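The values are calculated or read from the model by the stated rules, or taken from the named source; none is laboratory data. Everything quoted here is computed from the prediction, not taken from an experiment. Backbone-built Cβ (ideal geometry, glycine too); neighbour counts: all protein chains shown. Accessible surface is based on the protein model in full, side chains and every heavy atom, while ligands, DNA and RNA are left aside. Shrake-Rupley method; radii C 1.70, N 1.55, O 1.52, S 1.80 Å.
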Amino acid sequence: MKSVLKLSIGLIIGVLLITSAALIVNNNSTFSGGAMVGSAQEHPTIADILMSELDEMPLDSGVDVVGVSYYENVDAIVIGLEKKTYTDNEQLRNSMIASIYEIMPVILSHSDELSGKKIVFTGSSISLNAKGSLTMMKIFHTEIGFDMAREITWSDVDDEKAREQLMADCFEYVWWHSRVKDY
């Protein structure tokens with residue numbers, strides 16, 4: 001009788017250990033999807049999808065996409081850009097603008113989800129402060145309506161001056177930090 005009880009307890013403990021290990025492995029594999037880490041949603045949001053797509057795309061501009069969020073109250077998708085290396089003001093402006101042109105085709109491929117919404121870009125960069133230290137600060141903010149963005153032939157505008165002019169003409173709002181406003 002004691003041997004049957006010991007065998008039963010041994011089997012139960014074995015099953016519990018195997019079940020626990022299987023749950024741990026399953027949970028770890030669920031959260032191993034790059035930008036989807038931490039998202040326990042059954043259906044990814046448009047922000048999750050865009051972040052995943054943009055995260056896989058190396059940008060020639062040297063700017064990184066550091067976040068994508070959807071704000072329902074203002075009906076806008078916000079894309080955070082960041083340049084982690086210190087450069088002069090002209091290079092910084094050109095890099096931020098070039099990054100928009102690089103990622104816009106990915107954004108425009110989601111017309112079903114983004115039609116009628118605003119696309120907002122915020123940019124941060126390493127900057128030299130008054131004390132001579134390098135700090136990360138917001139240097140750029142712009143927005144454009146998705147429907148307006150669809151009307152632009154982005155690949156035709158490849159000159160830096162033409163890109164800035166297009167932003168002035170077609171974007172609803174363009175803000176630069178005073179340190180990089182004019183170079």
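Structure summary
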read-out	value
Zone of residue 154's modelled label, taken as backbone nitrogen in region 110-134 under 17 Å from a point 7 Å along Cα→Cβ	110-123
Percent of Cα pairs exceeding the 14 Å cut-off, where the set is region 74-168	67
Rough spin-label spacing in nm, given labels placed 7 Å along Cα→Cβ, for residue 108 and residue 131	4.5
Hull shadow area, averaged, region 89-142 [alpha-carbon convex hull, nm²]	4.4
q = 0.16, 0.19, 0.20, 0.26 Å⁻¹, region 33-125: log10 I(q)/I(0) [Debye, one scatterer per Cα]	-0.66, -0.90, -0.99, -1.42
Whole-number accessible area per residue in Å² for region 112-176, which is evaluated in the context of all protein chains at 1.4 Å	56
Residue 113 accessible area, assembled protein chains, probe 1.4 Å, Å²	80
Non-local Lys pairs in region 112-164, i.e. 8 or more apart or on different chains, that have alpha carbons under 26 Å apart	4
Region 97-178, relative contact order in percent, only Cα pairs under 8 angstrom and at least six apart counted	30
